[in-house]
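A short worksheet on the structure shown next.
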Amino acid sequence: MSARGIGAVIVPMHEQQHASFRWLTRGAKVTRGYAIKLAGREPVLVSYPMERDEAAATGLETRLAHDYAYDRLFREAKNSAAGYAHFYDTILTDLGADGSVAFFGNVPFQLYHGVAAEVEARGRIVYRSDGEDLIQLGRKRKDAWEIDAIRSVGERTELVIDRVRDVLRAATIDGDRVVHDGRALTIGDLKQLVSFEIARHGMIEDHDTILSQGRDAGIPHSRGDASALVRPSVPIVLDIFPLDRNSGYFFDETRTFCVGPIPDELRTIHGHVLEAFERARDAMRAGNPASLYQALVCDLFEHRGYETTRRTPATLSGYVHSLGHGVGLEIHEKPSFSLSPANSDVIEAGDVLTIEPGLYFPERAIGVRIEETFVVRDDGTVESLCRGSRALEP
């Protein structure tokens, strides 16, 4: 904040918890509120009377919205944007804020576009970035307790994957069907199992788990056809990314399985993906640009004869996405591995990130991805938070 001349940061939360507000308020369990951070000072949490005890439980300094004549300000305001501007100006004056004020977090654009103008009309300077999110920068490097929270989600995520492995290992092949407990197994059966196990282990399935096979597996974020029968000798991609019900921290892991005889082509493609995964993992070091590792994997795949988005940006086959992403209170955080010239993200100690190369050929009913979540250790190397086999065999 000081380096950017920002005197105060405001992160509002309007009826929906989001990562920036959760992080700045130490996980405040409120349905609405305002986190105010002045340079060099701990955040102040402004809440509403009904949730004053939940706000106080964070250990932060707290205020009530009504301490600032919230109701009167909004009754007298010409519109909502002017009401919020007067409200924020009153808070900032009370806290002794100097310098420009910046807004971050998930805010309704149609409201805050007007709020910024009204704040400036009241004589304050609103900080306008070039797209940089200061809160995301602050969240990038995790504290030890955050790493422990993510590690805990990872341990439970592995238990969920173990249950999928158990079912696939116990299954038998009957012609073009995979049979479990006397009936043909469907993708929907596996998805229901994953959902049940995620909930049983105290986690939340924030978005529908990616569990797909064949052609669907060849489209990286296809959720799969729940009604489809699980077929032998066809790749099954399981990409699971639950979050902890209490801490809100995510985990991310992908495995590719095949039940029955594994076709030579699939085994070769899987071997190349595993080679890319291991090279990126072994080469990754703190202090290097994150984009370096996307380029490394593109080099490898292009050498193997596969298309990549670096060489053919619109390709739908081959290596069609980035190497990974940060993980935390959102499933996709900094650092970014993008090759865009605008990406200046650097690997740093304390980062939690994924490495997830993949190769996709929907027209050949093949998709393979291997993904693990890593923490960058103090010595600059990376440590996987996953333990399960990366083999095609369940």
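The values are calculated or read from the model by the stated rules, or taken from the named source; none is laboratory data. Computed from a predicted structure; not experimentally measured. Cβ: placed from backbone, ideal geometry, glycine included. Neighbour counts: every protein chain shown.
Is it fair to say V375 is part of a strand (DSSP E or B), in the same structural domain as P232 (by TED's automatic domain parsing), touching a Leu at 6+ places or on another chain (Cβ under 7 Å) and of a type in the set (A, V, I, L, M, F, W, C)? I'd like the intermediate steps shown before the answer.
Details: part of a strand (DSSP E or B): yes; in the same structural domain as P232 (by TED's automatic domain parsing): yes; touching a Leu at 6+ places or on another chain (Cβ under 7 Å): yes; of a type in the set (A, V, I, L, M, F, W, C): yes.
When the stated conditions are applied, V375 passes them.
For segment 264-287, give me each residue that is surrounded by fewer than 17 Cβ atoms within 10 Å (Cβ to Cβ) and either without any contact (Cβ under 8 Å) to a residue 60 or more places away in the chain or over 24 Å from H325 (Cβ atoms) (or both).
Within segment 264-287, D264, E265, R267, T268, G271, E275, E278, D282, A283 qualify.
Report, ordered by the first and then the second residue, all pairs with beta carbons closer than 6 Å, sequence separation of six or more or different chains, a first member in segment 122-148 that is closer than 21 Å to F250 by Cβ, and a second member that is in a helix (DSSP H, G or I).
Matching pairs, first to second residue: I135/S20; R139/W23.
Can you confirm whether segment 278-297 contains a residue that is closer than 21 Å to D162 by Cβ and either assigned to a loop (DSSP other than H, G, I, E, B) or not aliphatic (A, V, I, L, M) (or both)? Break it down stepwise before answering.
At the first step, the residues of segment 278-297 found to be closer than 21 Å to D162 by Cβ are none.
No: zero hits.
Going by what's in this entry, would E197 be described as in contact with a Ser or Thr (Cβ under 7 Å, 6 or more places away or on another chain), closer than 26 Å to V153 by Cα and of a type in the set (D, E)?
Working: in contact with a Ser or Thr (Cβ under 7 Å, 6 or more places away or on another chain): no; closer than 26 Å to V153 by Cα: yes; of a type in the set (D, E): yes.
It is false that E197 is in contact with a Ser or Thr (Cβ under 7 Å, 6 or more places away or on another chain), closer than 26 Å to V153 by Cα and of a type in the set (D, E).
Hey, among the residues in segment 244-263 that are touching a Leu at 6+ places or on another chain (Cβ under 7 Å) and of a type in the set (A, V, I, L, M, F, W, C), which one's surrounded by the most Cβ atoms within 10 Å (Cβ to Cβ)?
Taking segment 244-263 first, the residues touching a Leu at 6+ places or on another chain (Cβ under 7 Å) are 248-250, 254-259, 262.
Now narrow it down to the ones that are of a type in the set (A, V, I, L, M, F, W, C): 250, 257-259, 262.
Values: F250: 27, F257: 22, C258: 23, V259: 25, I262: 18.
Only one residue fits best here, namely F250.
Would you point out which residue out of V259, V273, V237 is β-branched (V, I, T) and either outside the structural domain of P335 (by TED's automatic domain parsing) or closer than 26 Å to D345 by Cα (or both)? Explain how you work it out, then say what you get.
Values: V259 fails: either outside the structural domain of P335 (by TED's automatic domain parsing) or closer than 26 Å to D345 by Cα (or both); V237 fails: either outside the structural domain of P335 (by TED's automatic domain parsing) or closer than 26 Å to D345 by Cα (or both).
Only one candidate passes the filter, namely V273.
Listed residues G214, G218; which is farther than 30 Å from A149 by Cα, crowded, with 16+ Cβ neighbours inside 10 Å and touching a Gly at 6+ places or on another chain (Cβ under 6 Å)?
Values: G214 fails: touching a Gly at 6+ places or on another chain (Cβ under 6 Å).
Testing whether each residue is farther than 30 Å from A149 by Cα, crowded, with 16+ Cβ neighbours inside 10 Å and touching a Gly at 6+ places or on another chain (Cβ under 6 Å) leaves just G218.
Per-residue answers, yes or no, for (1) basic (K, R); (2) over 18 Å from the mean Cα position of the chain (by Cα); (3) within 30 Å of A171 (Cα to Cα); (4) surrounded by fewer than 24 Cβ atoms within 10 Å (Cβ to Cβ):
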position: S322; (1), (2), (3), (4): no, no, no, yes
position: E330; (1), (2), (3), (4): no, no, no, yes
position: S336; (1), (2), (3), (4): no, no, no, yes
position: R377; (1), (2), (3), (4): yes, yes, no, yes
position: T381; (1), (2), (3), (4): no, yes, no, yes
position: S389; (1), (2), (3), (4): no, yes, yes, yes
position: E393; (1), (2), (3), (4): no, yes, yes, yes
